[in-house]
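Take this structure, written in structure tokens, and hold onto it; I'll ask about it next.
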Amino acid sequence: MDQNSTLSVEDFVVAATSFYEISNRLADGWKLIKDENETYKTYIKKHTFLQVERDGVQSLLKTELVIFFNLSYGVPAFSFNIWNSSGVLLTLEEIRHMSFVTLNQKEFYSVITQQEHPIFLRPYFIVHPCHTAELLSALRQGSKNIIVTFLGLITPLLKLDLSMEYGL
Amino acid sequence: MANDREVLREIWDGKLPICFQLAQEEIMEIQQPDPFYVMVPRLSYFPLVTDKMKRHFLRFISQENADNEMWLDYNGQPLKWHYPIGFLYDLYCGIDPQLPWTLTVHFTKFPEDVLLHCPNKDVVEAHYMSTVKEADVLKHRGQVMSTMQKKDHNQLWLGLQNDKFDQFWAINRRLMESHGDNEGFKHIPIRIYSDDGSCFQRLVSPKNVDGSRKVLQQMIAELYPDKINIKLRTHGITLPLDTPLQWLSEHMSYPDNFLHLCVC
């Protein structure tokens, strides 16, 4: 990994702010949470509900999506939690079987793991940042907003509804 | 380079006596189980040293809970298995040492909003390896880990898991080398915790702006400009303020290659 492929905290906050402004125009629910003292703890998050069907049974899941800054790797990072309608966290294995996950089993376990969230210090599922830096450095030149570009890497793995108007 | 072998050995050999007690509400037998005493390496992780203890308590609990995920608490505080044991002790008992360290064992009501799930030792290994990788990204932009072979990664993990100092350090020394002409890491892998559970992460350079080596006191002044008299503890000792950060990182890091320091 080369110096140029990493992002500074300040770059991330600028990108997060402009992403939030686009989201506001589209009214699609992303929130920006800034931490003035600890800049690296700035993040954007969104709550949604997912309607899923399994074995003919419909159920409603609550999801929380958080994009934060990984200080060590110098890249944006994607984390999430999903709860069922009784408020119980879904396990990694349950999530793997969801229709919005398009990874095969081996890829899934090497890409997504449950970790202690560096900002909230609670368990979250986090997409591993290992390859993000290389991919982003290749795409950074043509990128208007690095978080939009980053989500473009994540959305094929986890089918999130992201409006075309973000410029994906 | 991590040259002070005596220090490395001393830290590796650090052990804690633990007294495990089964939570009262879990006991389903008339006869009370004896507490389970064991000496454990400070550098290890609880899931690696609790197999015997678990078997000891299993026959006292309701059989329907026997396959549940076991978890531990100290004074009502669930213990995060993904931190080294010695660090957890320093965090919760560093100021007021109590030995043996008495912990409560649970098989029900897993606090999933606090603790990561740990269904097997592979999860501990994956967590450990990804932390070493992160540390290497900070120190060498990830170049040492990515040029190592899979068998080297395995040797690192097995050395830790089986308490084999030479096996572990044969590989770990490569992670502790400085590259290029500048003596020192790019950043020091460091996490600083308060006992209220908050954690502090910063990109810390081993050098001052003028190129001189940075000592602990200078880092504290940078991180806590409005606080004086902060002391930091790790491996059961309060660190001298004139310790150079580079030396500290090479010798006092946990096997995951991070310095885990507690504010006291």
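The values are calculated or read from the model by the stated rules, or taken from the named source; none is laboratory data. In this text the structure is predicted, and so the values were computed from the model without any measurement. Here Cβ is always computed from backbone atoms with ideal geometry, including for glycine, and neighbour counts include all displayed protein chains. We work out accessible area using only protein heavy atoms, side chains counted, and drop any ligands, DNA or RNA first. Shrake-Rupley method; radii C 1.70, N 1.55, O 1.52, S 1.80 Å.
Looking for whichever is modelled with pLDDT of 95 or more, under 18 Å from A:Phe150 (Cβ atoms) and hydroxyl-bearing (Ser, Thr, Tyr) here; the options are A:Tyr73, A:Tyr43. Which one fits?
A:Tyr43
Continuing with the same structure: If you go through the stretch A:107-162, how many residues are within 13 Å of another protein chain (Cβ to nearest Cβ), assigned to a loop (DSSP other than H, G, I, E, B) and of a type outside the set (Lys, Arg)?
Going through the stretch A:107-162 one residue at a time, the tally reaches 6.
Going residue by residue through the stretch A:27-38, is there one that turns out to be in a helix (DSSP H, G or I), more than 14 Å from chain B (Cβ to nearest Cβ) and over 23 Å from A:Pro129 (Cβ atoms)?
no
For every residue, the table says whether it meets (1) more than 30 Å from B:Ser198 (Cβ to Cβ); (2) open to solvent by less than 50 Å² (accessible area, probe 1.4 Å); (3) touching a residue at least 60 places away in the same chain (Cβ under 8 Å).
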site: A:Glu116; (1), (2), (3): no, yes, no
site: A:Glu134; (1), (2), (3): yes, no, yes
site: A:Asn145; (1), (2), (3): yes, yes, yes
site: A:Leu151; (1), (2), (3): no, yes, yes
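Are any residues in the stretch B:245-264 closer than 17 Å to B:Arg213 by Cα, open to solvent by less than 20 Å² (accessible area, probe 1.4 Å) and of a type outside the set (A, V, I, L, M, F, W, C), and if so, which ones?
B:Ser249, B:Glu250, B:His251
When residues of the stretch A:13-61 are filtered for being closer than 24 Å to A:Gly87 by Cα, charged (D, E, K, R) and open to solvent by 80 Å² or more (accessible area, probe 1.4 Å), how many remain?
So the answer is 4.
Then there's this: Of (1) within 14 Å of chain A (Cβ to nearest Cβ); (2) over 30 Å from B:Trp101 (Cβ atoms), B:Arg174 satisfies all except one. Which?
(1) is the only condition that B:Arg174 fails.
Quick one: how many residues across the stretch A:67-106 are open to solvent by 40 Å² or more (accessible area, probe 1.4 Å), under 16 Å from the mean Cα position of the chain (by Cα) and at the interface with chain B (Cβ under 9 Å from one of its Cβ atoms)?
Total satisfying the criteria: 0.
How many of the residues in the stretch B:173-218 are closer than 19 Å to B:Ile230 by Cα, of a type in the set (D, E, K, R) and without any contact (Cβ under 8 Å) to a residue 24 or more places away in the chain?
Selection size over the stretch B:173-218: 2.
Looking at B:Ser194, B:Ser178, can you tell me which residue is touching a strand residue (DSSP E or B) at 6+ places or on another chain (Cβ under 9 Å), polar (S, T, N, Q) and open to solvent by 20 Å² or more (accessible area, probe 1.4 Å)?
Exactly one residue qualifies, and that residue is B:Ser194.
Report yes if some residue within the stretch A:96-104 is at pLDDT below 95, of a type in the set (D, E, K, R) and farther than 25 Å from A:Val148 by Cβ; otherwise report no.
Yes, the stretch A:96-104 has at least one match.
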